[in-house]
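Derivation of every value follows stated rules applied to the coordinates shown; laboratory data play no part. As the structure is a computational prediction, the values presented were derived from the model and not from experiment. Don't worry about glycine lacking a Cβ; one is built from the backbone with ideal geometry, like all the others, and counts go over all protein chains shown.
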Amino acid sequence: MELEKKDFDLVVVGAGPAALSAALYTSREDIETLLFEKGSIGGLAAVTDWVDNYPGFPKGVAGLELADAMRAQAERFGAKIELGEVSSLRKDGNLLKLETTSGEITAKAVLVATGSDYRKIGVPGEMDYYAKGVHYCATCDGAFYRDKKLVVVGGGNSAVQEGMFLTRFATHIDMLVRGDKLRASEVLQDELFNKHKDKITVHFNTTTDEIVGENNHVTKVIGTDKSTGQKIEYQTDGVFVFVGLDPNTKFLDGSDIELDERRFVMSDARLMTNVPGVFVAGDVRSGATMQIASATGEGATAALMIREYLEDHERTSKAAVVTLYGDS
């Protein structure tokens, strides 16, 4: 759907915590702000079952509730959210041009806040059974597996936290961990082994080699016990993969924006990229801590830096006009 308006002060690519936090600040400053989001508003926070470490919520808060509150606050001050996708970004003189599903739009500044997406393990059967037994979001798809057996792949915070959430539905969970210990925090490990040991069996030094199914349903996972070299089969009705995150930066292919070796966006101390006027905040930024609280803080910081940039941009434009036509 084409947008009626095609030029904005600021376009934010993404609508997760960093993006919504930035939009709250810029909109309050009367900076005309448009957010483009191709997935769920609130990003991965919106599909996180429960957030225990966001300041101001001593008892925790549901991820969706937190995301909805952030959205409402940004929209209250005038931020506009467009559901759609940005396919490219390029500098054109003093402006930035974005190719989107709503047509080409221009902006004086752009904030890249696209966050990250669930990393794939790249084994046979993973893509064949995607959404047909292979999943990456427990809160999205866990309820489909009531009274079923599941396999969880991963040993970090997400794997343990989401695995424990899945015990609400599954009768038993086999957790496959490549290493000889969990990488999750001590708090989560204590909860796992003290409260969920009857429903979750952790298999250390175990790789995930193949996901097998029939009639469009997952039936088993084949792995290897690295300590013995023996193949092991785990009968299961579904597989949930939690092995980390990859940045959503594909739309920057062909742009001049500098990425690090893992394709996260590089920035300076002001959160500006190597392309003037293009800023970055949140999980997509190189060096980000991948926490909701830090993402919102970066969004606020980016907004203040963007305001300064736009003020300088305006002064430079006026000076150029004076130079061209004379001060009358």
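Observations on the model:
- In nm, spacing of pseudo-spin labels at ASP30 and ASN53 (7 Å Cα→C-beta vector): 4.1 nm
- Of all aspartates and glutamates in the structure, the ones whose alpha carbon falls short of 15 Å from that of LYS91, not counting any fewer than 8 places away in one chain, are ASP7, ASP9, GLU99, GLU104, ASP253, ASP256, GLU258.
- Unsatisfied cross-links (Cα-Cα over 22 Å) in the set LYS195/LYS220; LYS120/LYS220; LYS195/LYS226: LYS195/LYS220; LYS195/LYS226
- Nearest 10 degrees, 0 to 90: helix 157-166 Cα axis against the chain principal axis: 60 degrees
- For region 72-137, relative contact order (Cα pairs under 8 Å, six or more residues apart, normalised by length) works out to 17 percent.
- Taking the helices alone, the chain has a mean residue ellipticity at 222 nm of -8500 deg cm²/dmol, built from -39,500 (n - 2.57) per DSSP H run of at least 4 residues and averaged over all its residues.
- Of LYS80/LYS132; LYS6/LYS38; LYS132/LYS199; LYS59/LYS149; LYS38/LYS197, those spanning more than 27 Å from alpha-carbon to alpha-carbon: LYS80/LYS132; LYS59/LYS149; LYS38/LYS197
- Estimated vicinal HN-Hα couplings, Hz - region 230-236 in sequence order (Karplus 6.51, -1.76, 1.60; Gly, Pro = x): 7, 6, 10, 10, 10, 6, 7
- Mean projected area of the convex hull spanned by the Cα atoms of region 1-123, taken over all viewing directions: 9.3 nm².
- Using only Cα coordinates, the Kirkwood hydrodynamic radius of region 134-241 works out to 13.7 Å.
- Helix axis angle, 292-325 relative to the chain longest principal axis, alpha carbon, degrees: 20 degrees
- Extension gain, ASP246 back to THR316 (0.36 nm per residue minus Cα-Cα distance, nm): 21.4 nm
- Beta bridges by DSSP in region 134-241, antiparallel share as percent, to the nearest 5: 50 percent
- Our estimate of slack between ALA293 and LYS91, defined as 0.36 nm per intervening residue step minus the Cα-Cα distance, is 69.6 nm.
- Normalised Debye scattering of region 21-80 at q = 0.16, 0.27, 0.29 Å⁻¹ gives log10 I(q)/I(0) of -0.54, -1.06, -1.12, counting only Cα atoms as equal scatterers and leaving out solvent.
- Taking 0.36 nm per residue of separation and subtracting the current Cα-Cα distance, fully stretching the chain between LYS231 and ASP128 would add 34.9 nm.
- Phi-derived couplings, Karplus 6.51 cos²θ - 1.76 cosθ + 1.60 at θ = phi - 60°, listed residue by residue for region 70-85: 5, 4, 4, 5, 5, 5, 4, 8, x, 5, 10, 10, 10, 7, x, 10 Hz, with x used for Gly and Pro.
- Computed over the chain, relative contact order equals 20 percent, with contacts defined as Cα pairs under 8 Å that lie 6+ residues apart.
- Per-peptide average of other Cβ atoms within 10 Å, ordering 274-281, 144-151, 185-192 highest first: 274-281, 144-151, 185-192
- Counted over the chain, the DSSP beta bridges are approximately 50% antiparallel.
- For region 1-92, trypsin sites (Lys or Arg not before Pro) meeting the loop criterion (DSSP other than H, G, I, E, B) and having at most 10 other Cβ atoms within 10 Å: LYS5, LYS59.
- Take every pair of alpha-carbon atoms less than 8 Å apart whose residues are at least six positions apart; their mean separation over the length of region 1-105 yields a relative contact order of 30 percent.
- Sites LYS197 and ALA69 - FRET efficiency at Förster radius 30 Å, r taken between beta-carbons, to 0.05: 0.25
- Residue by residue, region 252-258 carries 3J(HN,Hα) couplings of 8, 4, x, 8, 8, 6, 7 Hz when phi is fed to the Karplus relation 6.51 cos²θ - 1.76 cosθ + 1.60 (θ = phi - 60°); x denotes Gly or Pro.
- Taking P(r) over Cα pairs in 20 Å bins from 0, in percent as calculated from this structure, the corresponding entry among (1) 33, 62, 6; (2) 30, 56, 13, 0; (3) 30, 49, 19, 3, 0 is (3).
- Degrees separating the helix 17-28 axis from the principal Cα axis of the chain, which is the longest one: 20 degrees
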